Amino acid sequence: MGRRHLFTQTVALLTVLAGTLAVPTSTVLAKDVTLKQTHVNHKKELKGGTLKVGYPSNTNFKGIFIQELGTDSETNRLAELGQSGLFRKDKNGKYVKGGLDDVSFDRGSKTALITIGPKTRWSDGKPVTARDMAFVYEIIANKDSTSEYYSDALETIMGMKEYHEGKADKISGLQIKDSKHLLIHYKKMTPAMEYVDSGYLYNDAQPYHYLKDVPMSKMAQSDKVRKHPLFFGPYTIKKVVQGEAIEWVPNKYYGGKKPKLDKVVEEVVPVAQIAEAMRSHKYDVILHESRATYAKTSKVDQYVTLGTMAYGLQYMGFRVGDKGANGTSVLDKKLVTNNRSLRLALAYAMNTQQIVKEYGAGLQKWANSMVSPAYGAYHDNKIKPYYQNLKKADQLLDRAGFKRGKDGYRTQPNGKELTLHLLDQASGRGNDEIRANYMQLWKKIGVRVELVNDRPLEFNTYEDLLHSNSHKFDIWFGNWSLGQEPSTAATAAYSPKSSFNHGHFVTKENTKLLKSLNSEKAFNPKYRIEQMHKWQEYMRKEAYVVPLSYSYDLTAVGKNVKGMTVDDSTQLTVWDNVCLTK
C-alpha cells in the first residue's frame, strides 16, 4: 500500500500533560518480540571504511534533494546523511538547546528567534545564514513553486498569505536581523510550536547563494538539486545513480561531530532480493526493513533489528471532493462516496483484524483510531475499531437505498450503476493478497470495486495520480509517516488547505475541531488531549478515512556496525557515531 511521508517538518512527534511522557528504550511487540532502539557493540572501531546501506523498494527514488520540493519518502530517508536537522530535540520531540541552530519563542511578542551556530556551514564551505533559513519559506510559499507543503500552519506567519497569493514580493513576517539571526513574527502562537516537527517553524535551510538564480518553477528539476546539491549535515553527495544509488563522503565543513566513515554507499534493492542480500551480509545496514523481510531474516545471526512504533498509520481513504481554484479542498455532495452509510459499510466488511494478525509478523497493531499509540495520551484507546460485521454492512446499504440487482451488485440510491475505483501501489505478493481479500469481501456486500487501470500502480505513478486531483479513483490505500507533534496526526492531511488532503474531505465540524487543537485553550494539555479524542471519535463516526494498522519502523544493523541508533534525541543525527568495527 502506498507510503506517504509528510516530511519531518509537518512531518512530516510527545509530551503528555505536564510533559512527562518518555519514549521507551525498547519496544515490546506482539508475539513477545522486543526491539531495541540502539545497537550496542563493544568491539574496537575501524578508522574510516565504507558503510554499505540497502533500502528495500521496488521503486526508484525521485532524487529531489530539497525536502520542501520532494514528495517521496524514499529520497527523504536516503538523504538523511546530508539533510540532518538544524535543531536538537528531546525524546518527546520538543526543542532543546545544543543543535547546529537554536530557537527561542516569545508568546508575548508572538515571535521565534532563530540563532544560527557559528560552525554551521554548507558543504561548499559557505556559512549557513539567516537568508538561507528564510529561503525555505519562500520555496514552499512561492506561487510558482512545485512545493506541496504550504499549510494553514505557515499562514500564521505575518505576510505569508500575501506572498503565497502573489500580492507581495517578500514575506513581511521574516525579519533578517543579521546573518546569524532570523526573527519570525506570527499572527498567533500555538502549543504545536514547542515541537521540532510542527510545520510552524522549519527544521531546514536552503543555500540561497547557490540556488538564487534558479527559477522556482524549475528548481525541482535543476542539476543543482538533483546531481550536485549542497548539505549542512555530516555527509555530502559524491555521486548519484539517479533513482538507484547514492555515494556519500564526509562533509568536511560539518558543524557537528566529525564523521567516522570514509564513505557511505546507499542502494535501492528490490524487496524480493533483500532477504538473500541479508543472508550473504551484502549490506551493513538495511533502512526501512519490511515486516515480510523481518519474518524471513529475524534469525540471521549477522544482524540485529532496531525499531520504534511509528507515528503514522496505514489507512483507506475516500475521495469526497475536489481541489478548488485557490487550492483549498471543497466537498462534492454529489459524489456517491459522500454517503456515510457506504463508507461505513466498506469499513465493516473488512477483516482487518485477521489481516494484521496473519500478515503483520507481530510488527503491526490493528488500528482503532486515526492517531497512533506512539502519541501516548493523545491516542484514544477507548475508541472501538471497525469489527468485521458483514450483516451490519448489508443493513447499512439496504437502509441507505443501495439496491441489489440480479447480478448481486448494488446500484446507487438514484438508480445509477455503482462501481468504485480503487487506487493502490504495487508492493509485493502479500499486498496483492490483502487487496484481493478486501475486494472479495466488498463483492459479498454487493459493492463492485475495480482497480484503477486494472492493476496496482508503480509507486511514482501512484503518487502522481494521488496528488493530481484526479477523478479516476474513489478510494485508495495509503500510509502516512508523521512527526512527533501530536496535532500533526489531524492537521497535516485533513485541513482544508493541506495539499495532502487527497480525499478533499472538508466539513465545518472537522475544521472546528482542527482549529481547537492549536487554539489558546490548547496550551492546557488536558484540553488539547480532550479535543484530540473528540476528533478521533468524529473521524470514526464519519469514516471519511478508515484506519487500518499501526506499524513499527525497522532498521536492520549488522553486528559489525557500532554507534547506530534510531533514537535521534540522544545526538544531533542518528549518523553521528556510526562506524565499522574490526
| request: Among residues belonging to the stretch 439-453 that are part of a helix (DSSP H, G or I) and either within 20 Å of residue 341 (Cα to Cα) or at pLDDT below 95 (or both), point out the one that is least open to solvent (accessible area, probe 1.4 Å). | output: 442
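Here's the yes/no breakdown for (1) assigned to a helix (DSSP H, G or I); (2) hydrophobic (A, V, I, L, M, F, W, C):
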{"position": "491", "(1), (2)": "yes, no"}
{"position": "504", "(1), (2)": "no, no"}
{"position": "518", "(1), (2)": "no, no"}
{"position": "522", "(1), (2)": "yes, yes"}
{"position": "534", "(1), (2)": "yes, no"}
{"position": "537", "(1), (2)": "yes, no"}
{"position": "548", "(1), (2)": "no, yes"}
{"position": "552", "(1), (2)": "no, no"}
{"position": "569", "(1), (2)": "no, no"}
| What is the residue count in the stretch 326-366 for residues that are crowded, with 22+ Cβ neighbours inside 10 Å and within 30 Å of residue 141 (Cβ to Cβ)? | 1
| task | For the stretch 520-532, name all the residues that are within 14 Å of residue 488 (Cα to Cα) and not hydrophobic (A, V, I, L, M, F, W, C). | result | 528, 531
| said: Scan the stretch 463-471 and tell me whether some residue there is open to solvent by less than 10 Å² (accessible area, probe 1.4 Å) and either part of a loop (DSSP other than H, G, I, E, B) or over 27 Å from residue 197 (Cα atoms) (or both). | reply: no
| Which residues, counting only those in the stretch 299-325, are open to solvent by 20 Å² or more (accessible area, probe 1.4 Å) and of a type in the set (D, E, K, R)? | 299, 301, 322, 323
| said: Tell me whether the stretch 226-247 contains one or more residues that are aliphatic (A, V, I, L, M), over 20 Å from residue 65 (Cα atoms) and in a loop (DSSP other than H, G, I, E, B). | reply: no
| query | If you take the residues in the stretch 407-432 that are on the phi < 0 side of the Ramachandran plot, assigned to a loop (DSSP other than H, G, I, E, B) and modelled with pLDDT of 95 or more, which one is farthest from the chain's Cα centre (by Cα)? | reply | 407
| Unique match (being touching a Pro at 6+ places or on another chain (Cβ under 8 Å) and either surrounded by fewer than 18 Cβ atoms within 10 Å (Cβ to Cβ) or at pLDDT below 75 (or both)) among 11, 16 | 16
| message | Tell me yes or no: at least one residue of the stretch 376-390 is closer than 19 Å to residue 352 by Cα, at pLDDT below 95, open to solvent by 40 Å² or more (accessible area, probe 1.4 Å) and out of contact with any strand residue (DSSP E or B) (no Cβ under 8 Å at 6 or more places or on another chain). | response | no
| query | Among (1) closer than 16 Å to residue 53 by Cα; (2) modelled with pLDDT of 95 or more, which single condition is residue 251 missing? | reply | (1)
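The values are calculated or read from the model by the stated rules, or taken from the named source; none is laboratory data. Everything numeric here is computed off the predicted structure, so don't read it as measured data. We place every Cβ from the backbone using ideal geometry, glycine too, and count neighbours over all the protein chains shown. Ligands, DNA and RNA are excluded from the accessible area calculation, which covers all protein heavy atoms including side chains. Shrake-Rupley method; radii C 1.70, N 1.55, O 1.52, S 1.80 Å.
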